[in-house]
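Heads up, the thing below is written out as structure tokens.
The values are calculated or read from the model by the stated rules, or taken from the named source; none is laboratory data. What you are looking at is a predicted structure, and each value in this text was computed from that prediction instead of being measured. Neighbour counts are summed over all protein chains in view; Cβ atoms, including those assigned to glycine, are modelled from backbone coordinates with ideal geometry. Just the protein is used for accessible areas: all its heavy atoms, side chains included, with ligands, DNA and RNA removed. Shrake-Rupley method; radii C 1.70, N 1.55, O 1.52, S 1.80 Å.
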Amino acid sequence: MGIKKISKLHYITGKRTPEAIIEETKAFLSGGGDWVQLRMKESSDSEMLATARIIKGLCREYGATLIINDRVAIAEQIDADGVHLGKNDMETLKARQILGPDKIIGRTANTLEDILDILANGADYIGLGPYRFTTTKKNLSPVLGREGYASIFESLQEKGLKTLPTVAIGGITLNDIPLLKDTGISGIAVSGAISADGHPEETTRSFIEAVAENFKKENL
């Protein structure tokens, strides 16, 4: 099993129709994005499966990574690159048994305790948030802000622990990126900042430039 490369810019599909998700993903990939997390919480398995097959084709065309949110069975069925699991989703070890050692498994965290649990169970990256309030997600965990991120990474350092690649998530805009670069975060995940924009390709390029400038190396 080789080293798994975790992108510094993750695009998470929003609450859209399958057709809109496909078009927005295509725009993100055309703008140079290389990591798509397909999130369709309110869709049926059959609708998500059909959409996932199309998104996988686009990701393969552009050489991008495809991560399926939550639904491990769909990730297995279409041979996606991995899954992202929320705090109440399937356990990491069980997902690893199903998907095998080479697939990527990410997990959502909100607290230091969440991260310690993730580190003990073999995930590959962490989505830490929310950075600020967002309407993208129901049952939102407590907002962390910049100081919350810095505090968590300081605690990990005090414990002598190296963490996984960790992306900030939750209402992040282009202007937030410089504020996050010295917190311990190694990248960001965005949804509405790209999908709600009238020029998603151009916006994607701007995010890629900002991420490359501010997150020059992995924070491990």
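Laid out as a table, the results:
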| item | result |
| --- | --- |
| Ranked packing of 171-177, 80-86, most packed first, by mean Cβ within 10 Å | 80-86, 171-177 |
| Length-normalised contact order for segment 25-128 - Cα pairs under 8 Å, 6+ apart - percent | 20 percent |
| GNM top mover of 17, 92, 163 - the chain, alpha-carbon springs below 10 Å | 17 |
| Dipole moment magnitude, nearest 20 debye, the chain about Cα centre, only Lys, Arg, Asp, Glu C-beta charged | 200 debye |
| Mean Cα-pair separation over length for segment 93-220, i.e. relative contact order, pairs under 8 Å, 6 or more apart, % | 22 percent |
| Heavy-atom accessible surface of the chain: percent carbon and sulfur, 1.4 Å | 50 percent |
| 15 Å beta-carbon shell around residue 151, net charge (K/R +1, D/E -1) | -4 |
| Accessible area in square angstrom per residue, the chain, 1.4 angstrom probe | 48 Å² |
| Relative contact order of segment 150-220, pairs being alpha-carbon contacts under 8 Å that are 6 or more residues apart, as % | 38 percent |
| Shape box of segment 149-220 [Cα atoms, principal axes, largest first, Å] | 45, 21, 18 |
| Under 18 Å from residue 181, Cα to Cα: aspartates and glutamates that are on another chain or at least 8 residues apart | 147, 154, 209, 213, 218 |
| Lys, Arg +1 and Asp, Glu -1 on Cβ, resulting dipole of segment 111-220 about Cα centre, debye, nearest 20 | 80 debye |
